[in-house]
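A quick write-up on the structure given underneath.
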Amino acid sequence: MKKQRTLLVPFDGSPCAQRALALACQRYLDGGYASIVALNVQTPMASSQFVSEHMIHEHQHHLSEEALEKARKVAAKFKITLVCATACEEPATAIVGFARKSKGDEIIMGTRGLGRLGGLLLGSTATRVVQLADVPVTLVK
């Protein structure tokens with residue numbers, strides 16, 4: 001029996017993420033993949049006396065749904081139904097961890113365009129994913 005292959009697309013709603021998802025959709029249509037998972041990652045935030053954990057959770061849920069709705073619209077243009085998922089942790093760790101747990105075969109993700117110097121000084125999620133991932137990673141500008 002042939003293995004069902006999965007593409008994982010970290011998706012924050014940005015134009016770069018939309019281009020990465022469009023590439024994943026095209027690869028899906030070209031064959032060889034059984035599904036595309038759009039993963040929205042929210043960075044954890046600490047509660048305070050002014051902002052409760054429930055308020056943070058609701059806010060992050062709203063942001064995830066807003067981003068994933070954009071993902072669904074991109075996929076709809078290709079007549080593809082996405083699997084959507086969310087995570088709340090450091091982004092690179094969440095993306096690589098999700099790929100491992102879900103047995104993803106490839107990660108296709110957008111870059112934020114910090115450039116070489118910005119990436120060196122600030123670090124980048126894309127660079128960390130490339131370093132940590134056990135599967136191929138395609139970066140889309």
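Bear in mind that the values in this text are calculations on the coordinates, not laboratory data. Computed from a predicted model, the values in this text were never measured in an experiment. Every residue, glycine as well, gets a Cβ built from its backbone with ideal geometry; the counts of neighbours run over all protein chains shown.
Placing +1 on the Cβ of every Lys and Arg and -1 on the Cβ of every Asp and Glu, with nothing else charged, gives segment 6-140 a dipole about its Cα centre of roughly 480 debye.
For Cα pairs less than 8 Å apart in space and 6+ apart in sequence, what is the mean separation divided by the residue count of segment 20-141, i.e. the relative contact order in percent? 30 percent. Among the trypsin sites (Lys or Arg not before Pro) within segment 1-107, those in coil by DSSP and having at most 12 neighbouring Cβ atoms inside 10 Å are 2, 3, 79, 103. Per-residue packing, averaged as other Cβ atoms within 10 Å, sorts the ranges 8-15, 28-35 into the order 8-15, 28-35, beginning with the highest. Answer rounded, prolate or oblate for the chain, using the Cα gyration tensor with square roots of eigenvalues a ≥ b ≥ c: rounded when a/c is under 1.5, else prolate when a/b is larger than b/c, else oblate. Note, shape of the chain comes out prolate. Panel order for 88, 25, by other beta carbons found within 10 Å of each beta carbon, from fewest to most: 88, 25.
Across segment 78-101, the residues whose backbone nitrogen lies under 18 Å from the label position 7 Å along the beta-carbon direction of residue 61 are 84-89. Of the DSSP H helices in the chain, those that are both long (alpha-carbon extent of 20 Å or more along the helix axis) and hydrophobic (Kyte-Doolittle mean at least -0.5) are 15-30.
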